[in-house]
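Any read-out appearing in this document is the output of simple, stated calculations on the displayed coordinates, not a laboratory observation. The model shown is predicted, which means the values in this text are computed figures rather than measured ones. Neighbour counts are summed over all protein chains in view; Cβ atoms, including those assigned to glycine, are modelled from backbone coordinates with ideal geometry.
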Amino acid sequence: MELIFLGTGAGMPSSRRNVSSAALRFNEHGNSFWLFDCGEATQHQIMGTSLKLSKLDKVFITHLHGDHLFGLPGLLTSRAHQGANTPLQVFGPRGLASFIESALHISGSHLGYDLQIRELEGEYLPDAGIPLYEDDRFRVYCGKLDHRIECFGYRIEEKEKAGKLDDQKLAEVGVPSGPLYGKLKKGETVKLADGTVLDGKMFIGRQTPGRIVAIMGDTRANNCTVKLAKDADVLVHEATFSAELQRLAFEYHHATTRDAAEAAIQANAQVLIITHLSARYQDETVEKLLSETQNLFPSTYLAEDRWAYLIAPRKIEGL
């Protein structure tokens, strides 16, 4: 699993940073990826990476401000031009469907694939136990943040991976390789030719715990961020302003380096990545944002455009 940052600036593009977008790529699943926000020129940023739009199958929009949204119509049509014909799901706040449908209709665009748009009408928090989205590998939760317009944060939970079947142990009790292995790996009980009954659970190693990634939209400090990021392997959080500009950040419904660090601490996150940086911070001054955050939360990284962060699998406790 890998986070690839496509735009790490705030408000409008600068010579160093494009506007907001990040990809979560699943390297172990054919390099498919999900996109979180799609600011202007996101598809251009993708061209400078190894991401392929044909591998994109989900888009999650945090809110409808242009620096998080204006690249979406172009990206959707480019995906079609590149020959993608698999369905694409798009999640986001109310009004997202109208924006997309209007842009495609007025421009006369034809996608050639099934576009499924789901507008968020409430929260799907982990403590409620009902995810926004779930498949055989992941659960996705979302909650409302504190911004000038309706804005969401997302929590992606990877499900536990089944333990490995102990082939050596099976050989020791005389189980021949073949169809029985498949049943035992599912934890089923099987009966051998000599009448011996084996419980599959006795031959399966411990499960590998899944990873957790929390990606926030624009926000002031708030309790929902902490809920979504609880025990996360990685928390992606805006740090638009330095700590000394706390009053300005609050006025504009944004966060400072201190807000981001405190959210990571309260959530017990393992790693914090700060992004959505104001254009006032360039070259040497941008390092001030990183050092301020690291002073409070040492395991902090500062995102750069087209920078990737690999999220290693969790270790099995006791090993």
Expected unfolding gain across A308-H44 under the 0.36 nm per residue rule, minus the alpha-carbon gap, is 93.4 nm
Once phi for every residue in the stretch 296-303 is put through the Karplus expression 6.51 cos²θ - 1.76 cosθ + 1.60 (θ = phi - 60°), the whole-Hz ³J(HN,Hα) values, with Gly and Pro written as x, are 9, 9, x, 7, 10, 10, 9, 6
Largest fluctuation, M47, M12, M216 only, Gaussian network model of the chain with Cα springs under 10 angstrom, belongs to M47
Most exposed first, judged by fewest Cβ atoms within 10 angstrom, R17, R148, R220 run R148, R220, R17
Rounded to the nearest 0.05, FRET efficiency between E244 and E121 (Cβ-Cβ, R0 51 Å) equals 0.85
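Can you classify the stretch 86-126 as rounded, prolate or oblate using the Cα gyration tensor, where a ≥ b ≥ c are the square roots of its eigenvalues, rounded means a/c under 1.5, and otherwise it's prolate if a/b beats b/c and oblate if not?
oblate
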Given backbone amide H placed at 1.01 Å from N, residues whose amide H is under 5 Å from that of I311, ignoring those fewer than 5 places away on the same chain, are E2, L3
Burial-style ranking of 82-89, 289-296, average other-beta-carbon count within 10 Å with highest first, yields 289-296, 82-89
Calculated from DSSP helices alone, with each H run of at least 4 adding -39500 (n - 2.57) and the total divided by the residues of the chain, [θ]222 nm to the nearest 500 comes to -6500 deg cm²/dmol
Whole-Å distance linking the alpha carbon centroid of the stretch 47-85 with that of the stretch 12-45 is 8 Å
Under the Karplus relation with 6.51, -1.76 and 1.60 and θ = phi - 60°, whole-Hz ³J(HN,Hα) for the stretch 69-74, x at Gly and Pro, equal 9, 5, x, 5, x, x
FRET efficiency (E188, E134; Cβ distance; R0 25 Å; to 0.05) is 0.55
Magnitude of the Cβ-charge dipole (Lys and Arg +1, Asp and Glu -1) of the stretch 129-286 about the Cα centre, nearest 20 debye, reported as 460 debye
Which of (i) 0.89; (ii) 1.13; (iii) 0.98 gives Cα Rg over 2.2 N^0.38 Å as computed here? It is (ii)
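What is the calculated FRET efficiency for H105 to R148, with r their C-beta to C-beta distance and R₀ = 25 Å, to the nearest 0.05?
Values: r = 28 Å, r/R0 = 1.12.
Calculated value: 0.35.
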Dividing the mean separation of Cα pairs under 8 Å (6+ apart) by the residue count of the chain yields a relative contact order in percent of 16 percent
